[in-house]
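The values are calculated or read from the model by the stated rules, or taken from the named source; none is laboratory data. Not measured: the values here are computed from a predicted model. Virtual Cβ from ideal backbone geometry, glycine too; neighbours counted across all protein chains shown.
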Amino acid sequence: METYRTETNDCQNQTQKNEFNLPVPNSNAILTLGILSIITCCCCNGIIGIILSIIAIVLATKSKREFNLNSDMYDERTLGKVNAGRTCAIIGLTVGLLMFVIAILVVHFALDDVSNITNSANGWDGLGY
């Protein structure tokens, strides 16, 4: 009686990933916008940084959703760029909002001081101008 040995190849059961997978959509743009949001959060009272970071966060959310739907089609290494860009965008949004609030407070207190000076008895003349 002859016995035959059958071997199963584990590679046949696993899905092979293509070495030439596509990058995650907008991964470079998300990283660039995230870095720029940190750099520009001090310009124009944080408004530019806030705008860039919101764009980067929206694009990162869409790209992650697309990656999760078709993970076998995209390269996982470029998902790191999306995560890094999203992290930078969150930092840029936080610092930009902080700068915006500080700018509003500075303007508020400056206008309050000006109104106190003009309403005082001596007005501007009391300051020696």
Considering only the range 62-78, how many residues are aromatic (Phe, Trp, Tyr) and either in contact with a Pro (Cβ under 7 Å, 6 or more places away or on another chain) or part of a strand (DSSP E or B) (or both)? 1
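Conditions tested, residue by residue: (1) at pLDDT 90 or above; (2) surrounded by 12 or more Cβ atoms within 10 Å (Cβ to Cβ).
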site	(1), (2)
TYR4	no, no
GLN12	no, no
ASN18	no, no
PRO23	no, yes
CYS44	no, yes
ILE50	yes, yes
ILE57	yes, yes
Tell me, yes or no, whether the range 86-104 has at least one residue that is polar (S, T, N, Q) and in contact with a strand residue (DSSP E or B) (Cβ under 7 Å, 6 or more places away or on another chain). no
Which residue, of VAL82, VAL58, is in a helix (DSSP H, G or I) and touching a Leu at 6+ places or on another chain (Cβ under 8 Å)? VAL82
